Amino acid sequence: MRRLEWPLHIVRRVVVAVIVVAVLAVAVPLTLNWISDVRERCADGVVKRGAGECVGVTDGSWVFSGHLAEVEKKIKEENELVLKDAEKESYVSVAYMTSFTLTNDDSNSEDSVRHELEGAYLAQFRHNRGDLSASPKIRLLIANTGSSSAHWEHTVDELIDRKGSKENLVAVTGLGPSTARNLDALRKLSANGLATVASTMTATNIHDIPGFVRVSPTNIDEAYAGSAYLKRSRKSLTAMVVQDAAKSNLYAATLGNAFTEAFPDKAGHYRLVAERMTYDSSVPGAWKNSLRYITVQLCDTKPQVIYFAGRGQHLTNFLDYLASRTCTDHTFTVLAGDDTSNLDREQITRAVENDVEVLFTGLAHRDMLRADPGKVSKVSAGYFQEDGRLKEWFPNDDRYDGQDIMAHDAVLAAAHGIELAAGNSGPVTGPTVGQMFRQMHGRQRLAGASGFISFQNNGNPDNKAVPILRLNSEGRTELVEVSAAHGKPPEGQ
């Protein structure tokens with residue numbers, strides 16, 4: 001068989017062609033991936049997901065939403081000061097995580113999450129350069145999980161990556177409302193050795209997670225505090241529970257169960273007139289029909305108090321239907337949980353226009369200092385008054401919902417844990433900070449603006465102060481009294 005021999009110049013061309021094809025085979029996908037990454041990237045640590053919302057972690061360099069620009073600028077400036085002094089003084093990072101890009105599916109409003117960030121910044125300032133100045137200093141990171149926390153996994157992975165880096169992330173605060181996704185995020189953060197402090201997460205069945213505490217009362221505490229107020233104010237009452245049955249709404253389930261347990265008494269002076277009525281917010285559209293039908297049934301049972309165990313956004317629809325009831329001769333009082341504080345000014349005004357008294361168990365209110373000064377830290381609560389530092393920094397923002405106070409106390413708890421861990425002469429890490437939370441009782445308890453907080457071993461605060469609030473026609477919440485699960489909250493010494 002005759003051997004085929006190619007001229008050298010043809011061989012060279014073939015070899016070059018093969019190499020070019022091989023290079024293109026690798027380069028083209030890499031180039032396409034690079035272009036795709038560039039298109040998805042909003043900033044360092046922040047990417048575009050879903051319907052184009054930017055989620056992830058920033059030091060304030062990326063503004064997640066325009067209404068956050070002013071407070072994010074202050075956080076960025078404070079973070080830059082920390083880095084500037086890093087050679088002289090060590091620092092760790094603390095993240096504030098929640099949904100900062102909101103849609104109609106979220107229970108939080110833009111006002112509420114902005115107020116949270118303002119309160120978080122105040123706690124950072126107090127620890128770094130204010131009256132509670134201590135070491136190591138804190139860089140405050142802002143972590144957005146996206147609307148309804150749909151992209152929590154990406155954001156949590158970003159946070160975990162910053163644990164062992166030069167940023168030395170040790171704690172994540174905020175954590176959002178009590179939903180299944182936020183609970184999954186909390187568990188993953190804990191499993192990866194980060195301390196966690198919830199600001200507004202109240203579902204009772206969230207507990208005994210390593211390194212986890214919350215500065216908010218549990219739903220059981222809220223229900224018992226609300227029930228105690230009703231019994232102090234009226235000699236006898238009938239009540240009915242209206243509850244969201246959506247499986248993902250941990251908040252509603254535990255709130256409804258707790259009130260059903262707390263309210264009735266053996267003498268029958270305080271009783272539930274029938275089994276609870278439910279709607280399912282996970283079924284689009286149908287839940288509104290259910291609420292409309294429930295208001296018809298309420299005209300048959302005529303309870304004096306309706307305990308609404310659902311989100312604030314559902315409450316406004318329920319009150320609209322209740323205003324159109326046929327039994328106009330009967331007066332209803334509605335008592336709801338703390339998610340009512342997420343209503344914006346327009347929603348509050350609309351709610352009280354329906355000629356129904358609306359009360360709710362809140363998490364904090366700035367008038368707690370004036371009405372019951374022994375139940376909150378005078379120094380901490382002073383920052384939230386009309387002549388306080390927050391008013392000076394953000395003069396055009398009316399923080400009427402108490403969310404700023406809760407976020408402040410959550411970051412303050414993390415800061416106190418960091419200070420205590422540093423005092424033990426060992427490394428300041430997520431686990432060491434988490435261990436210090438268990439030391440925060442007695443003289444080491446947290447002097448918060450929402451109350452004096454001692455953490456139990458399961459992570460819950462002990463007999464936390466619970467303000468009873470009323471919605472008024474000016475679109476505000478007004479303080480009725482300060483209650484607690486065991487009657488009276490702890491006082492300062």
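The values are calculated or read from the model by the stated rules, or taken from the named source; none is laboratory data. Note that the coordinates shown come from a computational prediction; the quantities given were computed from them, not determined experimentally. Cβ atoms come from the backbone with ideal geometry, glycine included; neighbour counts cover every protein chain shown.
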Exercise for the section: Would you confirm whether any residue within the stretch 381-399 is closer than 30 Å to residue 323 by Cα, in contact (Cβ under 8 Å) with a residue 60 or more places away in the chain and in the same structural domain as residue 174 (by TED's automatic domain parsing)? Expected result: yes
Exercise for the section: Check whether at least one residue in the stretch 109-126 is buried (at least 19 other Cβ atoms within 10 Å of the Cβ), outside any helix (DSSP H, G or I) and at pLDDT 95 or above, and report yes or no. Expected result: no
Problem - Close pairs (6 angstrom Cβ cut-off, 6 or more residues apart or separate chains): among the aliphatic types (A, V, I, L, M) in the stretch 144-158, surrounded by fewer than 20 Cβ atoms within 10 Å (Cβ to Cβ) and at pLDDT 95 or above anywhere - result: 156/188
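Here is a yes/no grid of residues against (1) in contact with a helix residue (DSSP H, G or I) (Cβ under 7 Å, 6 or more places away or on another chain); (2) among the aliphatic types (A, V, I, L, M):
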site	(1), (2)
191	no, yes
204	yes, no
228	no, yes
236	no, no
241	yes, yes
255	yes, yes
266	no, no
Fill in the blank from the handout: Going through (1) on the phi > 0 side of the Ramachandran plot; (2) surrounded by fewer than 23 Cβ atoms within 10 Å (Cβ to Cβ) one by one, residue 60 fails only at (2)
Problem - Condition check for residue 72: closer than 23 Å to residue 170 by Cβ and in a helix (DSSP H, G or I) - result: yes
Problem - Members of the stretch 49-61 that are over 16 Å from residue 113 (Cα atoms), in contact with a helix residue (DSSP H, G or I) (Cβ under 8 Å, 6 or more places away or on another chain) and outside any strand (DSSP E or B) - result: 50, 59, 61
Exercise for the section: State whether one or more residues within the stretch 419-437 are charged (D, E, K, R), in the same structural domain as residue 197 (by TED's automatic domain parsing) and in contact (Cβ under 8 Å) with a residue 40 or more places away in the chain. Expected result: yes
Problem - Filter result (more than 30 Å from residue 87 (Cβ to Cβ), out of contact with any Lys or Arg (no Cβ under 7 Å at 6 or more places or on another chain) and not in a helix (DSSP H, G or I)) within the stretch 127-157 - result: 144, 145, 150
Practice task
Residues being touching a strand residue (DSSP E or B) at 6+ places or on another chain (Cβ under 7 Å) and surrounded by fewer than 20 Cβ atoms within 10 Å (Cβ to Cβ): count how many of those fall in the stretch 248-274.
Solution key: 7
Handout entry: Residues within the stretch 406-427 that are crowded, with 24+ Cβ neighbours inside 10 Å and in contact with a helix residue (DSSP H, G or I) (Cβ under 6 Å, 6 or more places away or on another chain), tallied
Key = 8
Practice task
Kindly indicate whether any position in the stretch 388-404 is within 25 Å of residue 210 (Cβ to Cβ) and buried (at least 17 other Cβ atoms within 10 Å of the Cβ).
Solution key: no
Problem - Hey, residue 67 in the same structural domain as residue 422 (by TED's automatic domain parsing), in contact (Cβ under 8 Å) with a residue 12 or more places away in the chain and within 24 Å of residue 426 (Cα to Cα) or not - result: no
Completion exercise
Picked from the stretch 200-240 (must be among the β-branched types (Val, Ile, Thr) and buried (at least 24 other Cβ atoms within 10 Å of the Cβ)), the residue nearest to residue 410 (Cα to Cα) is 215
Problem - Of all residues making up the stretch 299-338, the number that are of a type in the set (D, E, K, R) and under 26 Å from residue 199 (Cα atoms) - result: 2
Completion exercise
Per the filter on the stretch 160-181, residues crowded, with 24+ Cβ neighbours inside 10 Å and more than 27 Å from residue 312 (Cβ to Cβ) are 169, 170, 171
Exercise for the section: Only one of these is surrounded by fewer than 21 Cβ atoms within 10 Å (Cβ to Cβ), closer than 25 Å to residue 219 by Cβ and modelled with pLDDT under 85: 367, 355, 344. Name it. Expected result: 344
Exercise for the section: Kindly indicate the residue of the stretch 342-369 that is in the same structural domain as residue 252 (by TED's automatic domain parsing), part of a helix (DSSP H, G or I) and not β-branched (Val, Ile, Thr) and also nearest to residue 452 (Cα to Cα) among those meeting that condition. Expected result: 342
Practice task
Please give the number of the condition residue 467 fails out of (1) outside any strand (DSSP E or B); (2) buried (at least 24 other Cβ atoms within 10 Å of the Cβ); (3) of a type outside the set (D, E, K, R).
Solution key: (1)
Practice task
Look through the stretch 158-178, keep the residues that are among the hydrophobic types (A, V, I, L, M, F, W, C) and either assigned to a helix (DSSP H, G or I) or in contact with a Phe, Trp or Tyr (Cβ under 6 Å, 6 or more places away or on another chain) (or both), and return whichever of them is nearest to residue 114 (Cα to Cα).
Solution key: 159
Problem - Meets criteria (touching a Ser or Thr at 6+ places or on another chain (Cβ under 9 Å), of a type in the set (Asp, Glu) and at pLDDT 90 or above) for residue 80 - result: no
Exercise for the section: Would you be able to say whether some residue in the stretch 213-229 is part of a strand (DSSP E or B), closer than 30 Å to residue 435 by Cα and modelled with pLDDT of 95 or more? Expected result: yes
